[in-house]
1. So in the range 87-126, with the set limited to residues that are surrounded by 18 or more Cβ atoms within 10 Å (Cβ to Cβ) and among the β-branched types (Val, Ile, Thr), which one is nearest to ALA162 (Cα to Cα)?
2. Within the range 122-170, can you find the residues that are of a type in the set (Val, Ile, Thr) and within 18 Å of the chain's Cα centre (by Cα)?
3. Is there any pair linking a residue in the range 60-83 that is within 17 Å of ARG118 (Cβ to Cβ) to one that is at pLDDT 75 or above and among the basic types (Lys, Arg), with Cβ under 7 Å and at least six apart or on different chains, and which?
4. Checking the conditions here, which among ARG188, ARG219 is farther than 24 Å from GLU99 by Cα and assigned by TED's automatic domain parsing to the domain that holds ARG93?
5. What pairs come up if the first residue lies in the range 275-292 and is at negative phi, the second is at pLDDT below 85 and surrounded by fewer than 15 Cβ atoms within 10 Å (Cβ to Cβ), and their beta carbons are under 6 Å apart, counting only those six or more places apart or on different chains?
6. From ALA58, ALA104, grab the single residue that is at pLDDT 50 or above, part of a loop (DSSP other than H, G, I, E, B) and among the small types (Gly, Ala, Ser).
7. For GLY292, only one of the following conditions fails: (1) exposed (fewer than 14 other Cβ atoms within 10 Å of the Cβ); (2) at pLDDT below 90; (3) within 22 Å of the chain's Cα centre (by Cα). What is its number?
Amino acid sequence: MRDAGDLLGAVLLGHLHCAVAAAGAGEHVALLVDSVDALSLATGPVILCSPADTPSVALPTQRRASLSNMDWDLLASLPDGDRAEILAAAARRTFNRGEMLVHAGDRADSLHLIVEGRVAVEISTTDGDRATLNILGPGDYFGELSLVGSATGRHRTATVLALEPTRTLSIDVGTFERLRTRQPAFERLLVTALAARVERLSDRLLDVLYVGLDRRLYRCLLDLAKIYGDEAVPPSIPLTQDQLAGLVGGTRPSVNQALQKLSGQGIVQLQRGRIVVRDLAALQRKASVPTGR
C-alpha cells in the first residue's frame, strides 16, 4: 500500500497539469508546473504571491547561520527530538557564488534546507533563454518532491544557482525513508509540505492568469525586499531586469516600463544590476488588491 505522501505527490502533479491545460496557460506557467520537483514554494516569501491582499511588510534582519537559530517551516510540526534527529542526519553542503546546487537533468534524490546564502531557481525556455522562477534564502527549502516514493527515474527540471556563498543541509531519499519508516511524524511532515505545495502553486497559477503585470511586479519587489532587506538601510535587490521579468512572467521591456514609473514616483531607485526600494509603504499600497468602490 502506498504511503499518504506518495499518493499526495501523484495527485499534486496531476492536479496542476490539469489546471494549466484547462486554463490554456502560456509557456511560462507550463514550465513553472513542469519544474515543480526542483522549485520551492512552500516556505518563505513567495514570488508571484496570491491574489489575496498583500500582507504588511516587516523587514527582518538577516537570519543567523547558526542551526540553533534557524527556523524552517517544513520542520515546524516536528517535536524537538525529531527535528534534532533529521538535522543530525543531514549532510552539510557548501557552494561558492555562481555554483550550481542542482542542475536540470540531475537525478532528483534529495531535499535541501538553506542555512545561509541566497539562490535562484532557473529554467530554460523552449527558445533557449533562461528564466528565473524564484529566489530563496535562509529558512527556505527545495526538492521535497524527491522524497516522495522511489526517486528512480525522476530528474530535476530546474537548476538552482548560488547567488552568493551558500550553505545547505541535504537530506537524501534513503535517509528520509529510514526516518519515516521508524517515526510517523516524518510521514506527516511530507504530507503537510506537499499539501502546501498544491496551495502555493495554485495561487501562482491564478496570479499569472488574472493579475496584471504591474501589480505582480510590485508584489515581487515586496517579497524580494523581505529576502534582501535590512532594518538599517533601504532594501537593495541585486537582480537584473531580465531576472525580474522571469520572476513575474513578463518581458524585460514591460518590466522596465513599470520600474521607470516607480522610479519617477520616488518609490524605487534603479542602479546597474540592482533596485533600491526607497518607499516601502508606497510600494505596499500599490501592491494591494483594490477592495471595490
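1. The extreme case among them is VAL119.
2. To start, the set of residues in the range 122-170 that are of a type in the set (Val, Ile, Thr) comprises 123, 125-126, 132, 135, 148, 152, 157, 159-160, 166, 168.
Result: ILE123, THR132, ILE135, THR157, THR159, VAL160, THR166, THR168.
3. ALA65/ARG167
4. Working: ARG219 fails: assigned by TED's automatic domain parsing to the domain that holds ARG93.
Answer to the selection: ARG188.
5. Note: pairs meeting the criteria are SER288/ASP53; VAL289/ASP53.
6. ALA104
7. (3)
A quick yes/no check of all residues on (1) surrounded by 21 or more Cβ atoms within 10 Å (Cβ to Cβ); (2) assigned to a strand (DSSP E or B):
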{"residue": "ALA131", "(1), (2)": "yes, yes"}
{"residue": "ILE135", "(1), (2)": "yes, yes"}
{"residue": "LEU145", "(1), (2)": "yes, no"}
{"residue": "THR157", "(1), (2)": "no, no"}
{"residue": "VAL160", "(1), (2)": "yes, yes"}
{"residue": "GLU164", "(1), (2)": "no, no"}
{"residue": "LEU169", "(1), (2)": "yes, yes"}
{"residue": "ARG178", "(1), (2)": "no, no"}
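The values are calculated or read from the model by the stated rules, or taken from the named source; none is laboratory data. For clarity, every value in this text was computed on a predicted model and none was experimentally measured. Don't worry about glycine lacking a Cβ; one is built from the backbone with ideal geometry, like all the others, and counts go over all protein chains shown.
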